[in-house]
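Structure, as structure tokens:
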Amino acid sequence: MNQRSTEIVQLLSKEKDEITVSRFAEYFQVSQKTIRNDLKEINSILNQNKREEVLINSGGKINPPGNFKESLPILLEGDLYSYRLSKEERKQVASAMIVNSVDYITLATIADHLFVSRATVINDLKDIKAFIREGNLEVVSHANKGLRIEGSESKKREFLFNVLRPSLCLYDNHKNVVAKHVSVQAGDSSVIQKILGEQEQRYKKYLDDNSFREIVLYLRIMVNRNQTEEFLEPQVDTNSENYMFALDTLKYISQYCDVVTTENDIKYLSSFMDNVRFRNNNKFSKKTVIIQMITRQYISDISSELGIDLNTDYDFFENLSNHLESIFSAPPIDYQEVDMINEVLEDNQDVLEAVINQMSVIYQYTERKLNEIEIKYIAVHVCAAIERKKNKEVAFRVIVACHAGIGTSRLLLEKLKRHFKFRVVDVISAHEAMNLDPNSADFVISTVPLECCPLEHVVVSAAFSDADYIRVGNRIDALRNGRNLPVRMDENGLSAKGLIDEVRPLVYSMIEPDDVAKDFMKELRRVIRSYFKQSAEHEAEILSPYLHHLLPATNIEVNVECEDWKDAVRKSGEKLVERGYIEPRYIDAMVHSIEEYGSYVVLSKGFAMPHAKVEEGSIRLGMHLIRLKEPVPFGVEELDPIEFVCCLSAIDHKSYLKAFFSLVNMLRDDGYRQLLHEAEDPEEMSRIIEKYEHSTV
């Protein structure tokens, strides 16, 4: 049996409360189908030995036979409490032991550590040597001394990193087998994470989640090796742009982890950082808007194929566009096959199929074909969006807990409120969980595993990634399948949009003149949004303005006469120059860029959004929209002629995104597009834009 099946057997033998397939799926972070397959494997062994099998009743309740404990010696090979490693697992653990050893290591030492005979290790030795050789290292045998590794220190660290890397997406209570049996890391993980996070802030370079975990893993391996005085060989100077980032990171790690680091460590770490992915939080490039437009089209096509409207999920749009830009901004990364990803998609093959079917939209942008795991990651983004849509329908009572204190819990709370109809009944520190009343909530969402907690809990990251949406979704599915399902929100339940729609006719019928009613309604909308979306999102609205904030009547012109596309681009930017949003050279940069790279600014039929890089003259975030008296061609046959040209001045990668999202969605709506076409003046166009956004609160 695999390690998970062994743990299932142990839990079944000890657990007195009701056990269900869904609870096991949540605990092991796999699909219910996988748990059922594990139970089939267990029953197969029981059947072969003529023992009673484990039953699964309707609703997924698991019932082990009354004499189940008598079968433990058979299921656990005679040992009731320890798990015997498979040959593949023995190979990995033994290899890590040999590579990590600072001296000769004997076969007897390896055998004792693995709880197997010396003969078993001898039988495994050929495979162990071959596995290590794949890492460009050689195992050297010496009579009466044992085994040692021949190879560079950098190759040893690389080998240990690659063996441990698959565990990065797992929580501490589900570490991979090497991490459980071999100590190849040192240094306080939370301290190293804090140091790395501080350097991200200092250098304004932000790693994606996977890259952050990879660097923390490498740094802990480095600390372990350096503390045993196994230092790196001389490294080549690559003039890395991450040299200072690496230098300051290691300076603080030396101080707080009590370890000596060398110039070679700085060079190696900076080179390591050159090959990971940084999020483009503050970087805005010409390709950014193109990728976002393609993302918008891709979401529309996925929605159509699946029959699920995901077009209004702003987080899906933002997450997927950032993910795609990350994919195409650097050479292909060697993504690890993660069990969690495969388990999610095993039960969502229709989503994966739709993702593959619509890849042609993405391939409009790039000639590089995405590999299988890259496509799977996109599918997980889609699954997470579906979970968000599905789980907004149910009113669950939850408690939020965090080991880092109330502050981090509050941040997590705001993320949860954006995507679930949860009623958060309390926010606590992790150590308080043991004192909770079992009836105080349906479950707990925590950033750490909770001991002695009387309520079921789901462990998520503070950043609340797409994988975390799915974990929470598994818990909700388990509750749905249970007997105590929380009351569903009525289809006409209270929401910001619903409340605004109800009061709008009343406001306009009772307040005169219309201008006063409009001002009152505007303030009322602000209050309602603030109430429903809470402070974090209210602040985000200020930092990321809506489209109607960027396109008031003063930033719109109608019936503008233009000779050609160059003239249209220049006239769309002139007002922004006058108002101090951009420098004059920004307009020249837009024209030059289109001449050099083609009409990448044409985002949809009849619409273009010219823009340039921040360093080419952008001063403030702003937009200026012109409607041409006579549309002009931009050189994109299927989308020409262009009637609307909106100049964008972006100051970073994100602040304009909400407005962009609304503008693209509005121009896809034939009704609103026609209204913009027929509008008589800028004031009317501004009202149309604001009306559209208010209709999509």
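Below are the figures for this structure:
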quantity	calculated
Single condition Lys369 does not satisfy, out of (1) modelled with pLDDT of 75 or more; (2) touching a helix residue (DSSP H, G or I) at 6+ places or on another chain (Cβ under 8 Å); (3) surrounded by fewer than 17 Cβ atoms within 10 Å (Cβ to Cβ); (4) over 16 Å from Ile302 (Cα atoms)	(2)
Every residue from the range 549-595 that is closer than 12 Å to Leu625 by Cβ and either crowded, with 20+ Cβ neighbours inside 10 Å or charged (D, E, K, R) (or both)	Leu550, Leu551, Asn555, Ile556, Glu557, Ala568, Lys571, Ser572, Gly573, Lys575, Leu576
The range 525-547, subset under 15 Å from Leu657 (Cβ atoms) and not hydrophobic (A, V, I, L, M, F, W, C), residue modelled with the lowest pLDDT	Glu537
Among the candidates Ser329, Ser360, residue that is at pLDDT 85 or above, outside the structural domain of Pro438 (by TED's automatic domain parsing) and over 29 Å from Ala25 (Cα atoms)	Ser360
Residue check, Ser167 in the same structural domain as Phe131 (by TED's automatic domain parsing), closer than 29 Å to Lys129 by Cα, modelled with pLDDT of 90 or more and small (Gly, Ala, Ser)	no
Condition met for Ser604 (among the polar types (S, T, N, Q), under 17 Å from Ile290 (Cα atoms) and either in the same structural domain as Val645 (by TED's automatic domain parsing) or at pLDDT 90 or above (or both))	yes
Tally of residues being in a loop (DSSP other than H, G, I, E, B) and aliphatic (A, V, I, L, M) across the range 640-682	3
Residue within the range 242-252 that is surrounded by fewer than 18 Cβ atoms within 10 Å (Cβ to Cβ), more than 25 Å from Val99 (Cα to Cα) and of a type in the set (A, V, I, L, M) present	yes
Residue selected from the range 170-200 under the condition part of a helix (DSSP H, G or I) and over 22 Å from the mean Cα position of the chain (by Cα), by the criterion modelled with the lowest pLDDT	Val177
Qualifying residue in the range 671-681 (condition: in contact with a strand residue (DSSP E or B) (Cβ under 6 Å, 6 or more places away or on another chain) and polar (S, T, N, Q))	no
Some residue of the range 71-82 being over 30 Å from Ala478 (Cβ atoms), out of contact with any strand residue (DSSP E or B) (no Cβ under 9 Å at 6 or more places or on another chain), assigned to a helix (DSSP H, G or I) and modelled with pLDDT of 85 or more	no
Unique match (being under 33 Å from the mean Cα position of the chain (by Cα) and either at pLDDT 85 or above or in a helix (DSSP H, G or I) (or both)) among Asp38, Asp112	Asp38
Condition met for Gly598 (under 22 Å from Ile291 (Cα atoms) and either surrounded by fewer than 19 Cβ atoms within 10 Å (Cβ to Cβ) or in contact with a Lys or Arg (Cβ under 6 Å, 6 or more places away or on another chain) (or both))	yes
Scan of the range 115-136 for residues that are part of a helix (DSSP H, G or I) and exposed (fewer than 15 other Cβ atoms within 10 Å of the Cβ), ordered by number	Arg118, Ala119, Ile122, Asn123, Lys126, Ala130, Arg133
Filter result for Gly635 (touching a residue at least 60 places away in the same chain (Cβ under 8 Å) and more than 32 Å from the chain's Cα centre (by Cα))	yes
Single condition Leu247 does not satisfy, out of (1) within 30 Å of Tyr363 (Cβ to Cβ); (2) free of Cβ contacts under 8 Å to residues at least 24 places away in the same chain	(1)
Residue in the range 262-273 that is part of a loop (DSSP other than H, G, I, E, B), modelled with pLDDT of 80 or more, farther than 16 Å from Val380 by Cα and not basic (Lys, Arg) present	yes
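Table: residues versus (1) aliphatic (A, V, I, L, M); (2) assigned by TED's automatic domain parsing to the domain that holds Leu667; (3) assigned to a strand (DSSP E or B); (4) within 17 Å of Gly573 (Cα to Cα).
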{"site": "Pro610", "(1), (2), (3), (4)": "no, yes, no, yes"}
{"site": "Glu615", "(1), (2), (3), (4)": "no, yes, no, yes"}
{"site": "Arg620", "(1), (2), (3), (4)": "no, yes, no, yes"}
{"site": "Met623", "(1), (2), (3), (4)": "yes, yes, yes, yes"}
{"site": "Ile626", "(1), (2), (3), (4)": "yes, yes, yes, yes"}
{"site": "Glu630", "(1), (2), (3), (4)": "no, yes, yes, no"}
{"site": "Gly635", "(1), (2), (3), (4)": "no, yes, no, no"}
{"site": "Glu638", "(1), (2), (3), (4)": "no, yes, no, no"}
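Yes or no, residue by residue, for (1) over 24 Å from the mean Cα position of the chain (by Cα); (2) part of a helix (DSSP H, G or I); (3) closer than 20 Å to Phe212 by Cα; (4) modelled with pLDDT of 90 or more:
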site: Pro234; (1), (2), (3), (4): yes, no, no, yes
site: Leu250; (1), (2), (3), (4): yes, yes, yes, yes
site: Gln255; (1), (2), (3), (4): yes, yes, no, no
site: Phe284; (1), (2), (3), (4): no, no, no, no
site: Ile290; (1), (2), (3), (4): no, yes, no, no
site: Gln297; (1), (2), (3), (4): no, yes, no, no
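The values are calculated or read from the model by the stated rules, or taken from the named source; none is laboratory data. Just so it is clear, the structure is predicted and the values come from calculations on it, not from any experiment. Reconstructed Cβ throughout: ideal geometry from the backbone, glycine too, with neighbour counts over all protein chains shown.
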